[in-house]
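This report refers to the structure that appears directly beneath it.
The values are calculated or read from the model by the stated rules, or taken from the named source; none is laboratory data. Computed from a prediction, not measured in an experiment: that's the story for all the values here. With ideal geometry, Cβ positions are generated from the backbone for all residues, glycine too; neighbour counts draw on all protein chains shown.
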Amino acid sequence: MGYKAVFAAFSVMVITAFAAHAEPLRAHICTDDYPTEAVQAGHQGQIGLAFTITAEGTVQDPHILNSSGYPELDQAALACVQNWRYKPAIRNNVPVAVPWRASVSFGLNAPFEHPALLRLSSDIRGCVKNSSALDRLPAGFYGITDLTLVFSPNRPPEVTLLGRSGDDELDSKAAECARASPALPDVAREMNTPGWVLSFNWGIMRQMGFQ
């Protein structure tokens, strides 16, 4: 499921085809897998992956569909996906294996992707920054809020919390800001996927001035 962007000195996006038959048990983050040598060399790119979600919810037989052009990024994406866990698909009340596809993007300085998605991310960051949700939190607060976006035909986009930062007011504000963003309908209309996940590390974004 979804989209994953961690706004740090570099960013990593995880985009997976979302469907009702399988769900991740937690947000998928590949930030720690960004190879140091790739960061130093300025390498960035997107990797298309295919794999099987087993009846136990683990990832099996991941392989590259589309290379980033950098072997170290391709291998990092493969290493990251091995750790992902899902709530398995159910068929006739029995867990079953299903094929799955995902895309992992490694980028420097800021996320790179579709303009509507970047506008939505920017709207959420700015909305939270302009609220009082962060004011009472200590400088060392590094909670991460994960928001799930679900797009269904003939229905308004849905925004729910997938991962909580540890502060309910902050999480609620982030979800409220997402729902209020003018970019949300654009993302739902323009993106060719039924679901995304957005992740916000508030401590890192405060350090970077919410850029």
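For the range 154-165, the candidate set comprises residues that are at pLDDT below 85 and out of contact with any helix residue (DSSP H, G or I) (no Cβ under 7 Å at 6 or more places or on another chain); within that set, the residue that is surrounded by the fewest Cβ atoms within 10 Å (Cβ to Cβ) is Asn154. Residue pairs whose Cβ atoms lie under 6 Å apart, sitting 6 or more positions apart in sequence or on different chains, and linking a residue in the range 47-76 that is under 19 Å from Val98 (Cβ atoms) to a partner that is of a type outside the set (A, V, I, L, M) and not in a strand (DSSP E or B), are Ala55/Pro88; Gly57/Arg85; Gly57/Pro88; Val59/Gln82; Val59/Trp84; Gln60/Thr54.
Exactly one residue out of Phe151, Phe141 is surrounded by 14 or more Cβ atoms within 10 Å (Cβ to Cβ), closer than 12 Å to Arg206 by Cα and among the aromatic types (Phe, Trp, Tyr): that is Phe141.
Which residue, of Leu161, Leu170, is more than 22 Å from Val39 (Cβ to Cβ), in contact with a Phe, Trp or Tyr (Cβ under 8 Å, 6 or more places away or on another chain) and not assigned by TED's automatic domain parsing to the domain that holds Leu65? So that I can check it myself, show each step before the final result.
Details: Leu161 fails: in contact with a Phe, Trp or Tyr (Cβ under 8 Å, 6 or more places away or on another chain).
The unique qualifying residue is Leu170.
As for the range 14-22, it holds no residue that is over 23 Å from Ile144 (Cα atoms) and at pLDDT 80 or above.
Checked across the range 134-145, the condition of being assigned to a strand (DSSP E or B), in contact with a strand residue (DSSP E or B) (Cβ under 7 Å, 6 or more places away or on another chain) and not assigned by TED's automatic domain parsing to the domain that holds Gln46 holds for at least one residue.
Being touching a residue at least 12 places away in the same chain (Cβ under 8 Å), in contact with a strand residue (DSSP E or B) (Cβ under 7 Å, 6 or more places away or on another chain), crowded, with 19+ Cβ neighbours inside 10 Å and aliphatic (A, V, I, L, M) narrows it down to one residue among Ala188, Ala174; which is it?
Details: Ala188 fails: in contact with a strand residue (DSSP E or B) (Cβ under 7 Å, 6 or more places away or on another chain).
Result of the check over Ala188, Ala174: Ala174.
Has the range 128-137 got at least one residue that is surrounded by 15 or more Cβ atoms within 10 Å (Cβ to Cβ) and farther than 15 Å from Asn201 by Cβ? Yes: one or more hits.
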